[in-house]
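Working notes for the structure below.
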């Protein structure tokens, strides 16, 4: 990291920057929403913070640094900002693209039918403030703009349908003002673990802000950086996505 930029960092950002500088090879993993992008009221409108893409492009050009973007979003969305040279993990690990290689955990016909029925139900309900996002491998219900009453009703419905989903090997994942119905056995932790194992000469460091990132923070050998408040298994913490850009923007190893 440039010494002038290093000296301007405050508090825990200095600790993280110093830790990264000590590593000869790094595999840096970044969640998208809430980590290199602000949380926004309309999910389709999320974009990386100013300087984030440029900083990551500079880092991935170095032989001793690998970069991966790990998100609940589909890879097709992530490619709008990271078209080439990045390892992309979409839908919480259901799809992985690394160079010309890739893997996909497909849904069964029954699972697809359940997700389609659930999407139709929530769209027909037309509850104010709930945005239904249909993905290739999951269904997301965003309730950031919903009232407390509507949010409580959504939580009640989610609890009641869990046993039904279980019969189809589906589960409901709770995140920041979002519920996601996905296949069991799919997680960011599994995806990051496989990528880290395939590149053992690189020290894996994961930046994330949500409950879905805790699976990664708990992985042995992975250094976690939690963005924001709340309990975490991560070793480090940064207050805001802007701090992430600040740290990676001046990183030199």
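Where a number appears in this text, it was derived from the coordinates with a stated rule and is not lab data. Every value quoted in this text rests on a predicted model; they were computed, and no experiment measured them. Quick reminder, even Gly has a Cβ in these numbers, built from the backbone with ideal geometry, and neighbours come from all protein chains shown.
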For the stretch 109-183, averaging the sequence separation of alpha carbon pairs under 8 Å that lie six or more residues apart and dividing by its residue count, the contact order in percent is 31
At 222 nm, what helix-only mean residue ellipticity would the chain give, in deg cm²/dmol to the nearest 500, using -39500 (n - 2.57) for each DSSP H run of four or more? -10500 deg cm²/dmol
Between residue 158 and residue 198, Cβ-based FRET efficiency (R0 30 Å, step 0.05) works out to 0.30
When the chain is treated as a GNM, springs tying every alpha-carbon pair under 10 Å, which of 27, 81, 207 comes out with the largest mean-square fluctuation? 81
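Between residue 184 and residue 39, 0.36 nm times their residue separation minus their Cα-Cα distance comes to what? Walk me through the intermediate numbers first.
Values: separation 145, 0.36 × 145 = 52.20 nm, distance 2.59 nm.
Answer, rounded to one decimal: 49.6 nm.
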Hey, what did the chain get for relative contact order, percent, Cα under 8 Å, at least 6 apart? 25
If packing is taken as the mean number of other Cβ atoms within 10 Å per residue, what is the order of 42-49, 218-225, highest first? 218-225, 42-49
From the coordinates shown, semi-axes √(5λ) of the Cα gyration tensor in Å corresponds to which of (i) 33, 20, 16; (ii) 25, 21, 19; (iii) 28, 23, 17: (i)
What distance in nm separates the simple spin-label points at residue 121 and residue 211, each placed 7 Å from Cα in the Cβ direction? 1.9
Any chance you could check the Cα centroid distance between the stretch 78-110 and the stretch 25-69 for me, in angstrom? 15
If each of residue 61 and residue 176 carries a label point 7 Å out from its Cα toward its Cβ, how far apart are those two points in nm? 3.0
How do 54, 209 line up, fewest other C-beta atoms within 10 Å first? 54, 209
